[in-house]
1. Pick from 71, 111, 52: which is surrounded by 15 or more Cβ atoms within 10 Å (Cβ to Cβ) and either in contact (Cβ under 8 Å) with a residue 60 or more places away in the chain or within 21 Å of the chain's Cα centre (by Cα) (or both)?
2. Going through 18, 35 one at a time, which residue ends up being over 25 Å from the mean Cα position of the chain (by Cα) and modelled with pLDDT under 95?
3. Residue 118 versus (1) surrounded by 12 or more Cβ atoms within 10 Å (Cβ to Cβ); (2) at positive phi: which is the lone unmet condition?
4. Answer yes if at least one residue in the range 129-140 is closer than 24 Å to residue 92 by Cβ, more than 19 Å from the chain's Cα centre (by Cα), touching a residue at least 24 places away in the same chain (Cβ under 8 Å) and surrounded by fewer than 16 Cβ atoms within 10 Å (Cβ to Cβ), and no otherwise.
5. Just one of the numbered conditions (1) modelled with pLDDT of 95 or more; (2) under 23 Å from residue 211 (Cα atoms) is not true of residue 85; which one?
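The values are calculated or read from the model by the stated rules, or taken from the named source; none is laboratory data. Here the structure is a predicted model, which means the values were calculated and not measured. Glycine also receives a Cβ, built like all others from the backbone with ideal geometry; neighbour counts cover every protein chain displayed.
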């Protein structure tokens, strides 16, 4: 009787482990119509939230928390050491610069836990920030938006680009699109970058502080420990 119980317990444990292993091997985004519509809804939701907010950092922290992407939903800015990108004439005009104004370039990856959610190229005017803010920008992993928060900044979107869509244009009129199914657990191949925002950041007084280009990655929809294939 005892041996039978032990055998049953071992069998149940092995079965549960096999189910868990199988679930972990499944890609999060299988190449079927439902997954593609779900991705489209997620991308549009994130896009709208970013466009309607004055702080991309706050949006990303809330996004990270809502989707349980890390034990601590905190956005950190990891410096990318690459070549300086000179400010363009168009950006100089939007920043209302004269010849004496110095512009500094900051390139970071914005991460929540192990997820790199976006990369940001930022051209800012140090003389329009406090000394404390400039020191923090040079030495800390705090995102730009949090550092300049005392200035009560607001954003104006200058440009947006969608790099990839899970569904072809006109999918809603194509009945064949809804027949996309997958019986072999094939994953959708997501590109690294999904969409981009260029925004002008100004203080409450209306003085431009910086121009930022934020490029959002497929990690923004890589939830829990599931896989996003590139």
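1. On the way: 71 fails: surrounded by 15 or more Cβ atoms within 10 Å (Cβ to Cβ); 52 fails: surrounded by 15 or more Cβ atoms within 10 Å (Cβ to Cβ).
Selected residue: 111, the only one of 71, 111, 52 that is surrounded by 15 or more Cβ atoms within 10 Å (Cβ to Cβ) and either in contact (Cβ under 8 Å) with a residue 60 or more places away in the chain or within 21 Å of the chain's Cα centre (by Cα) (or both).
2. The unique qualifying residue is 18.
3. All conditions are met except number (2).
4. No, every residue in the range 129-140 fails to be closer than 24 Å to residue 92 by Cβ, more than 19 Å from the chain's Cα centre (by Cα), touching a residue at least 24 places away in the same chain (Cβ under 8 Å) and surrounded by fewer than 16 Cβ atoms within 10 Å (Cβ to Cβ).
5. Every listed condition holds for residue 85 apart from (1).
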